[in-house]
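Read the structure below first, then the notes.
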């Protein structure tokens with residue numbers, strides 16, 4: 001069966017028979033559309049690093065060099081090295097080299113590359129977020145889009161960039177977009193390691209909610225038209241990107257099962273939307289410097305707040321450095337590196353050390369904690385297991401020691417204090433609840449710390 005919501009707890013996934021939280025640190029979404037990018041080497045790196053998710057953009061959107069100050073941007077292919085679902089025409093004049101596109105014909109080499117990418121990811125246990133569309137943030141992206149009339153031989157798309165993703169102002173693009181969705185869904189129908197995201201950051205660039213709902217309908221209708229699900233259990237999940245940081249989801253489309261946010265730190269949006277009983281994800285990070293700490297804190301806080309998906313945007317993956325070793329300049333709008341990916345594996349190993357589908361956010365058991373670590377997140381299987389993360393207040397490392405007070409049923413508990421930087425257990429102890437209260441003192445630490453508490 002394809003990736004699904006877990007039937008016992010739909011805040012998490014069921015993937016190949018196992019409860020799954022998707023945690024990764026992946027490249028900037030150009031693995032398929034950029035012909036210079038060796039995606040097999042990239043996927044090997046993710047698998048070696050113990051990560052299980054990647055995002056990729058369809059090619060309906062592409063970026064120019066220098067966009068967002070990103071060095072060696074994988075979404076900005078070199079001249080003539082951009083491949084997308086639409087075939088090239090016989091008409092010269094595409095803005096970034098080669099012929100214009102024909103929006104009525106498919107490039108079968110693109111779909112061969114796309115399907116191989118998803119297949120190679122599947123062999124390594126990696127889920128692919130297939131992101132179908134992205135708004136045009138400014139004119140520089142619109143000038144490169146195949147949907148722009150200047151770049152296709154069909155005369156379609158002679159509109160403002162803010163009218164591209166609308167139902168009524170698109171000058172023929174809606175039919176092209178619907179055909180693209182149907183084609184991608186058809187081509188990827190047999191893969192189990194896949195979900196669809198309607199549109200990256202639709203809250204920019206004039207993308208309308210009505211258009212997003214229409215695209216969700218097209219995905220659903222196309223899968224139904226293909227007959228019974230390719231694997232027993234259901235169709236592919238659909239994700240909607242809701243907001244930067246946080247927002248309360250209103251009137252969700254019934255087919256949407258994943259609600260993704262960007263830069264969701266602190267993770268307030270998880271609690272705001274937990275009652276939806278769907279996966280809440282943080283699938284893009286950045287704009288907080290290039291150091292590891294802010295993104296590690298974002299990841300741990302989000303997952304321990306009850307999120308089911310985290311994707312750090314990792315700028316160390318570029319064409320020619322698909323092993324994630326590119327050393328980017330200090331002006332890069334985010335981070336990522338081999339050491340950070342090890343830290344994400346520590347998080348994944350930590351959460352996998354619990355029967356997490358039995359758990360829920362339960363900060364109410366935390367009666368007090370250290371004044372120098374005021375942010376705490378608790379996931380709990382009440383009366384059995386507790387996962388606790390103490391986040392630093394600020395980003396300056398300093399010696400500290402936390403005292404944690406938990407209101408727990410009378411019993412004995414095994415405690416392990418885990419270093420999120422290294423994964424090392426810095427302290428083990430057995431503690432007893434006295435008068436329904438457990439008091440624990442952490443080992444000394446400098447940045448953040450996690451606690452695993454299991455009833456004996």
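Values quoted throughout were computed directly from the atomic coordinates according to the rules given, and no laboratory measurement underlies them. These numbers were taken from a predicted model, which means no experiment stands behind them. For neighbour counting, all protein chains shown are included, and Cβ atoms are generated from backbone atoms with ideal geometry for every residue, glycine included.
Quick notes on this structure:
- When both bridge partners sit in the chain, DSSP labels roughly 60% of those beta bridges antiparallel.
- Model label points for residue 112 and residue 330, set 7 angstrom from Cα along the Cα-to-Cβ axis, are 4.7 nm apart.
- MRE, 222 nm, helices only [DSSP H, n ≥ 4, -39500 (n - 2.57), over the chain, to nearest 500]: -6500 deg cm²/dmol
- Anisotropy class assigned to the chain is prolate, per the alpha carbon gyration tensor with a/c at or over the 1.5 cut-off and a/b larger than b/c.
- Placing a label point 7 Å from the Cα of residue 81 along the Cα-to-Cβ line, the residues of the stretch 22-41 whose backbone N sits under 18 Å from it are 27-41.
- Between the stretch 179-199 and the stretch 372-417, the Cα center-to-center distance that results, in Å: 41 Å
- Inter-label distance, residue 44 to residue 245: 4.2 nm, where each label sits 7 Å from its Cα along the C-beta direction.
- The stretch 82-121 versus the stretch 122-162: alpha-carbon centroid distance in Å: 12 Å
- A simple packing score, the average count of other Cβ atoms within 10 Å per residue, orders the peptides 69-82, 26-39 as 26-39, 69-82, with the highest score first.
- Tensor-based shape of the stretch 14-111 (alpha-carbon gyration tensor, a/c under 1.5 rounded, otherwise prolate or oblate): prolate
- Cα shape, the stretch 362-455, gyration tensor, a/c 1.5 rule: prolate
- Percent antiparallel among DSSP beta bridges (both partners in the stretch 13-161, rounded to 5): 55 percent
- Pairwise label distance in nanometres, residue 150 with residue 429, each label 7 Å out on the Cα-Cβ vector: 6.6 nm
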